[in-house]
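So the structure is just underneath, and the comments pick up after that.
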Amino acid sequence: MTTNQPTPKPAAQPGKPAASQVQKEDAMWLQKEMINKNYHDLAVAHDVGRKVSATFVPGNLNELLMCFDFARSLPETNALQNGLRKKSGKMIMDAEREGHSEDVCTYVKADLGMMQAGQIGPTGEKLPVPDVLVLSYTGCFTFMKWFELVRQKYDCETTMLHVPYQGDGKISENMVQYVVKQLKEEVIPTLERVSGVKFDIDRLREYMKESVNAEEDLVAVLQSAKNRPSPIDGYFGGVYYIGPMFTAFRGTPEASKFYSVLRGEIEERVRRKQGPITPDGEMTEEKYRLVVEGPPNWTSFRDFWKMFYEDGAVVVASTYSKVGGVYDFGFRHDADHPLESLARYCLGCYTNLNFPQRIDMICKYIDEYQADGLLINSIKSCNSFSAGQLLMLREVEKRTGKPAAFVESDLVDPRYFSAANIKNRLESYFQMINQKRRATAGAATAH
Amino acid sequence: MSLKEVVGRCEALFEDLHFKSVRDWKAAAPGRKAIGFMPIYVPREIIHAAGMLPVGIFGGGDQIEVIQGDAYYQSYICRIPRSTIELGVTGRLDGLDGMLFPSICDVIRNLSGMWQIMFKDKYVRYFDVPQNFKDGVGGEYYVHEMEILRDDLAKLAGREVTDDDLRNSIRVYNDNRKAVRDLYAYRAQKPWQAPTSEVYLVVRAGMVLPPEEHTTLVREYIAAAESENRPRRDNARVVLTGSFCEQPPLGLIKSIEMAGCYIVDDDFHLVTRWHLQDVEVDGNPLWNLSKSFLHRSADTPSKYTERREDKGRFLVESVRKSGAEGVVFAAASFCDPALLERPMLLEVLDKHGIPYTAFKFAENTGQMAPIREQAGTFADSIKLWSAA
Ligand code: SF4
Ligand code: SF4
């Protein structure tokens with residue numbers, strides 16, 4: 001699973017003070033620069049004698065990888081970037097032609113298809129073959145197969161970090177110790193060997209302190225959606241906000257700077273009671289406040305988003321913006337207990353939560369963000385997210401009394417995005433919310 | 001018992017999706033309890049040591065119409081979770097006092113949480129197994145997880161589960177595993193005497209019978225099969241793989257055989273053959289189970305392959321040991337572990353010059369003709385190939 005940044009261009013807003021526009025553009029430009037620079041760093045890594053690591057978004061050990069000077073690649077991000085640029089469809093079909101099943105996760109196939117076509121990355125630069133695959137399969141079994149497939153092809157060194165699932169809805173000491181031991185006995189020695197850099201725990205502590213700054217600001221940004229109107233969209237905009245945090249930047253000064261600029265910008269929007277910025281400019285009327293479960297569709301990202309903001313729907317909270325770490329319930333990287341903290345970070349990612357926890361989280365969001373209901377975007381590719389979502393829908397409706405709706409699409413396979421279908425479902429969902437409001441208002445006057 | 005009687009009994013157990021045999025077993029003595037588990041593997045010894053009956057739940061096959069279960073799953077998710085829910089919501093699993101969901105894939109994993117919500121009065125546990133195979137790392141973690149299970153079941157049973165209870169259960173299951181291994185060896189040797197359509201039922205009976213009783217039944221089957229004189233055909237010998245979780249309908253297994261294949265090894269009911277050798281009895285029982293799991297257990301897509309060169313080795317060895325001439329890769333539709341593993345396995349088979357064919361099924365697949373045709377063509381090509 002993962003994240004990223006569709007870089008919504010704010011439309012010119014006549015009459016708005018210049019300061020806020022500049023700030024907005026600052027955050028956006030910063031992020032764009034960061035992403036491009038990371039792709040370039042990857043492209044030239046081997047030329048400048050740098051080793052390259054690849055790892056997944058949920059449970060990514062970015063601070064640790066930085067301790068070994070790795071250039072850092074995240075294959076899910078590559079896949080979604082290719083999805084946004086409408087390149088993934090061909091990659092997926094190429095992988096299927098090579099014998100990969102049409103039934104399995106399309107992120108994997110987009111990645112394998114990209115390799116087949118010569119590893120040309122989303123920005124057009126050739127991506128290197130990783131020197132080490134850091135296989136943390138937090139929250140999803142597919143990750144394990146994904147890197148086994150990459151290893152089969154490139155014979156890369158692979159190190160596994162098994163993160164146990166929170167089946168009982170809690171993190172036990174046994175789980176933490178298991179992850180810590182793997183870090184000490186497997187992951188760190190492998191990273192030392194591949195990179196030739198000795199592990200320095202103080203360096204890790206420093207990166208973690210930096211992470212905390214950014215984490216604080218990210219939480220403030222995400223929670224700003226509790227305001228009315230919400231100054232952000234916590235799903236479509238949210239993927240832009242989580243970008244640096246969930247990828248190669250957590251723990252860097254650039255990320256801290258990005259989040260502090262972003263936070264300033266959002267707080268300014270709160271003060272001005274402004275709605276979120278969409279690709280077509282500011283959303284001026286907030287009619288519906290939704291919580292969304294499930295990843296977005298990347299190949300038609302803008303069209304999908306438009307179906308919301310055109311009707312005045314803003315997503316106030318999403319579970320997807322927690323795949324690379326759940327920070328809004330208090331977790332922060334802890335420089336005083338670095339390895340335990342890495343373990344707890346991995347164990348706490350959204351898809352590593354059990355079903356009752358996921359449902360609790362959604363109900364809590366509906367309550368705390370005063371949402372009108374839940375929308376599930378069910379992803380064909382992704383069993384980790386999707387299996388059981390229909391029960392989730394019924395449970396959330398039962399517990400909150402708020403209407404829930406279900407649409408289906410895929411992450412990066414354009415064949416599974418049916419705009420008309422989704423649009424219809426959303427329209428009837430909005431009607432449902434209106435009916436519910438009328439009924440509640442009616443009941444209130446009847447008393 | 002005659003062959004017909006043994007097979008008849010197994011067939012009746014297979015078809016009984018109300019699990020009457022489990023209910024009868026429980027009713028035979030006060031306080032008895034039964035714990036269900038899903039594929040692929042749980043340490044049944046711990047359940048048995050608590051005086052309980054481990055019951056393998058392998059979905060509803062093609063024998064029940066899934067009505068309510070479909071309301072829980074999108075079309076792009078495999079069949080077994082929905083038919084298992086169907087079994088649950090229609091009361092067919094009421095005889096179970098708990099359910100274990102092993103870490104096989106995201107679908108079963110999520111089902112564990114759904115079960116917690118849907119069957120609140122039952123014991124439910126997601127049972128994680130290590131993907132790190134060092135004793136001091138994965139082993140320690142695993143022993144601890146087994147201790148939790150042991151304590152939970154002791155509480156449920158209202159009595160302690162001692163090390164001696166566990167040692168005794170390990171012994172019982174070693175006997176059972178030996179019997180199943182013998183049965184597999186016998187079938188590999190004389191597949192015409194022990195067709196897979198029967199062997200499947202005999203092993204499946206072990207999912208509901210107490211292990212002691214099942215061991216006797218397996219032995220009876222081998223003896224009865226040996227006493228028959230069945231015609232030997234010029235069939236192709238194949239290993240069937242990919243069906244470790246959702247099960248193909250029995251009709252599909254029959255179709256493959258009728259198309260001219262002898263299935264001489266498979267990955268059905270892997271729990272019965274998970275430990276490749278006897279588990280050590282003396283010493284700390286949980287550590288013995290752990291060591292056997294880490295160092296001497298079967299390979300399957302849900303288990304991490306630490307070294308690239310080991311990928312597919314288990315399958316290639318199975319082909320070699322069973323004297324197979326080819327591999328039939330039969331995976332459930334939408335089964336991520338099986339289907340993501342498939343290209344890697346096929347590449348290894350290619351390297352070893354082992355022919356294969358691959359198809360997908362669903363537990364309620366009704367149309368056998370295309371599969372029979374594919375298996376038939378495959379069998380013919382193997383025969384031609386080996387004649388050349
Ligand atoms: S199955 Fe889902 S969580 Fe796993 S890699 Fe694919 S998209 Fe990500
Ligand atoms: S059939 Fe495959 S995907 Fe479905 S539950 Fe079993 S292992 Fe998981």
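At R0 = 41 Å, how high is the FRET efficiency between A:H46 and B:V281 if r is their beta carbon distance? Nearest 0.05 is fine. Don't skip to the end; give the middle numbers.
Numbers: r = 54 Å, r/R0 = 1.31.
Computed FRET efficiency for A:H46 and B:V281 comes out at 0.15.
Nearest 0.05, what FRET efficiency do A:R193 and B:D70 give at R0 = 35 Å with Cβ-Cβ as r? Don't jump to the answer; show the numbers that get you there.
Working: r = 51 Å, r/R0 = 1.44.
Computed FRET efficiency for A:R193 and B:D70: 0.10.
Which pairs in the list A:K380/A:K423; A:K181/B:K33; A:K109/A:K170; B:K155/B:K303; A:K273/A:K306; B:K303/B:K351 are over 25 Å apart, alpha-carbon to alpha-carbon? If you can, show how the numbers build up before the last one.
Values: A:K380/A:K423 18 Å; A:K181/B:K33 37 Å; A:K109/A:K170 33 Å; B:K155/B:K303 30 Å; A:K273/A:K306 22 Å; B:K303/B:K351 22 Å.
Over 25 Å apart, Cα to Cα: A:K181/B:K33; A:K109/A:K170; B:K155/B:K303.
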message: Restricting to DSSP loop positions (anything but H, G, I, E, B) with no more than 12 other Cβ atoms inside 10 Å of their own Cβ, which trypsin sites (Lys or Arg not before Pro) remain in region B:256-336?
response: B:R307
message: To make sure I understand the rule: partners must be lysines, Cα under 16 Å from the Cα of A:K322, and not fewer than 8 residues away in the same chain. Which ones qualify?
response: A:K364
message: With angles folded into 0 to 90 degrees, how steeply does helix A:419-446 sit against the dominant principal axis of chain A? Use alpha carbons for both and round to 10.
response: 50
- request: Could you pull out every residue, at least 5 positions away or on a different chain, whose amide H is within less than 5 Å of the one on B:E363? Hs are placed 1.01 Å off N in the peptide plane, and Pro or chain starts have none.
  value: B:R79
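Computing the accessible area with a 1.4 Å probe over protein heavy atoms, can you report the carbon and sulfur percentage for chain A? Please list the in-between numbers first.
Working: 7590 of 15120 Å².
The C+S portion of the solvent-accessible surface of chain A is 50 percent.
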- prompt: Say we join alpha carbon atoms closer than 10 Å with springs in a Gaussian network model of chain A; which of A:R269, A:R97, A:R289 then has the biggest fluctuation?
  reply: A:R97
message: As an exercise, identify the chymotrypsin sites (Phe, Trp or Tyr not before Pro) in region A:117-181 lying in DSSP coil whose Cβ has no more than 15 other Cβ atoms within 10 Å.
response: none
- line: Interface A-B: total buried accessible area (1.4 Å probe, Å², nearest 100) of 5000
- request: Roll a 1.4 Å probe over the protein heavy atoms and report the accessible area of A:R415 in Å², nearest 10.
  value: 120
statement: Karplus ³J(HN,Hα) for region B:145-159 (6.51 cos²θ - 1.76 cosθ + 1.60, θ = phi - 60°; Hz, whole; x = Gly/Pro) runs 5, 5, 4, 4, 4, 4, 5, 4, 6, 4, 4, 5, 7, x, 8
query: How far, in degrees from 0 to 90, does helix B:211-227 lean away from the longest principal axis of the Cα atoms of chain B, to the nearest 10?
result: 20
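Under 15 Å from the Cβ of B:K291, count the other residues' Cβ atoms, weight Lys and Arg +1, Asp and Glu -1, and hand me the total. Don't skip to the answer; put the middle values down first.
Working: positive: B:K134, B:R167, B:R296; negative: B:E45, B:D135, B:E140, B:E145, B:D278, B:E280, B:D282.
Counting the neighbours of B:K291, the net charge comes to -4.
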query: Under a Cβ-Cβ cut-off of 10 Å, what is the net charge of the residues other than B:E347 that fall near it, where Lys and Arg count +1 and Asp and Glu count -1?
result: +3
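Averaging over every viewing direction, what projected area does the convex hull of the Cα atoms of chain A cover, in nm²?
Working: hull surface 85.1 nm².
Mean orientational projected area (chain A, Cα hull): 21.3 nm².
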- prompt: If you wrap the protein assembly as shown's Cα atoms in a convex hull and average its projection over all directions, what's the area in nm²?
  reply: 37.0
For region A:22-446: accessible area per residue (Å², 1.4 Å): 33
In nm, spacing of pseudo-spin labels at B:D121 and B:S227 (7 Å Cα→C-beta vector): 4.6
- line: Karplus ³J(HN,Hα) for region A:330-342 (6.51 cos²θ - 1.76 cosθ + 1.60, θ = phi - 60°; Hz, whole; x = Gly/Pro) runs x, 5, 9, 4, 10, 5, 7, 10, x, 6, 4, 5, 4
- prompt: Roughly how tilted is helix B:336-351, in degrees to the nearest 10 and between 0 and 90, from the longest Cα axis of chain B?
  reply: 40
- request: Report, by chain and number, residues whose modeled amide H sits under 5 Å from the one on B:Y76, excluding near sequence neighbours (fewer than 5 apart, same chain).
  value: none
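Filter the GluC sites (Glu not before Pro) in region B:1-103 to those in DSSP coil with at most 15 other Cβ atoms within 10 Å of their Cβ, and list the result. Let's see the in-between values first.
Working: sites: B:E5, B:E11, B:E15, B:E45, B:E65, B:E86; in loops: B:E65.
When the GluC sites (Glu not before Pro) of region B:1-103 are filtered for loop state and at most 15 Cβ neighbours within 10 Å, B:E65 remain.
The values are calculated or read from the model by the stated rules, or taken from the named source; none is laboratory data. Values in this document were obtained by computation on a predicted structure and should not be read as measured data. Cβ sites come from the backbone with ideal geometry, for glycine too, and all protein chains shown count toward neighbours. What goes into the accessible areas is simple: the full protein's heavy atoms, side chains included, and nothing from ligands, DNA or RNA. Shrake-Rupley method; radii C 1.70, N 1.55, O 1.52, S 1.80 Å.
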